[in-house]
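These notes concern the structure reproduced below.
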Amino acid sequence: QQPVQSPQAVILREGEDAVINCSSSKALYSVHWYRQKHGEAPVFLMILLKGGEQKGHDKISASFNEKKQQSSLYLTASQLSYSGTYFCGTGFGNEKLTFGTGTRLTIIP
Amino acid sequence: NAGVTQTPKFQVLKTGQSMTLQCAQDMNHEYMSWYRQDPGMGLRLIHYSVGAGITDQGEVPNGYNVSRSTTEDFPLRLLSAAPSQTSVYFCASSYSERTEAFFGQGTRLTVV
């Protein structure tokens with residue numbers, strides 16, 4: 001079952017913040033986050049493996065709420081280079097990595 | 001350092017034709033998978049493999065076959081192409097579901 005991502009699309013001005021949510025109907029074993037630019041392959045951002053874990057680099061971070069079976073990706077002070085489609089991928093301990101339908105992020109100057 | 005290599009990059013098929021999409025990785029990853037990407041549908045898992053000789057179905061396996069005879073290669077076969085299989089196909093590999101997945105550059109397939 002694909003995880004559910006929200007929102008489906010968001011438009012921001014440079015410097016604004018965004019939150020992308022990913023939720024699952026089943027208990028999660030791992031949560032991945034990827035970004036895909038138009039016409040390119042998805043590129044890895046980060047992975048969370050434990051409930052309560054938070055990670056980040058640059059101005060992009062993520063959290064993993066194991067009890068709520070969800071993860072959130074936070075983009076702060078967005079830059080033009082953050083534009084793209086963001087996917088969460090969820091693992092359930094059976095090596096079957098399943099991705100959500102994506103969130104299209106557009107940053108305007 | 002090639003990573004994950006997919007061939008071809010583009011392909012046009014007629015309905016009923018067969019073809020094989022190639023995927024090779026040079027990172028000695030055990031886990032390999034195939035996804036298709038359609039507008040508004042995200043990345044949907046077709047088939048995956050946890051090692052040579054071991055494959056399993058994903059969410060949308062109908063119309064596709066796979067086999068894994070070596071660690072490096074994981075080809076995807078379309079036995080009788082249908083217009084509904086028009087899509088962009090991505091191959092990915094990783095050590096496990098708990099490590100980074102590396103994607104190939106994709107194959108854009110059109111079935112007419």
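Structure notes:
- The range B:1-65 has equivalent-ellipsoid semi-axes of 21, 16, 13 Å, by the square roots of 5 times the alpha carbon gyration tensor eigenvalues, sorted largest first.
- In Å², nearest 10: area of residue B:73 left accessible to a 1.4 Å probe: 60
- On full extension, the segment bounded by residue A:106 and residue A:29 gains 24.7 nm, given 0.36 nm per residue less the C-alpha separation.
- Rh by Kirkwood over Cα pairs, then Stokes-Einstein D for the protein assembly as shown at 0.890 mPa s and 25 °C, µm²/s: 138
- Estimated vicinal HN-Hα couplings, Hz - the range B:81-94 in sequence order (Karplus 6.51, -1.76, 1.60; Gly, Pro = x): 4, 10, x, 5, 8, 4, 5, 9, 10, 10, 9, 9, 9, 7
- Accessible area (Å², 1.4 Å probe, nearest 10) - residue A:95: 50
- Cα pair distances in chain A, grouped into 10 Å bins until the bin that holds the longest one, percent each: 16, 51, 28, 5, 0
- Residue list for the range B:25-69, given a label point 7 angstrom along the Cα-to-Cβ vector of residue B:10 and an amide N cut-off under 17 Å: none
- For the pair residue A:68 and residue B:84, a Förster radius of 30 Å applied to the C-beta separation gives a FRET efficiency near 0.25, rounded to the nearest 0.05.
- Restricted to Cα atoms, chain B shows a radius of gyration and a Dmax of 13.1, 39 angstrom.
- Computed from phi, the 3J(HN,Hα) profile of the range A:101-108 under the Karplus parametrisation 6.51, -1.76, 1.60 (θ = phi - 60°) reads 7, x, 10, 8, 10, 10, 10, 10 Hz, with x in place of Gly and Pro.
The values are calculated or read from the model by the stated rules, or taken from the named source; none is laboratory data. Nothing here was measured: the structure is a model prediction, and the numbers come from that model. In this analysis, Cβ positions are derived from the backbone assuming ideal geometry, glycine residues included, and neighbour counts consider all displayed protein chains. The area values use the complete protein model at the heavy-atom level, side chains included, leaving out ligands, DNA and RNA. Shrake-Rupley method; radii C 1.70, N 1.55, O 1.52, S 1.80 Å.
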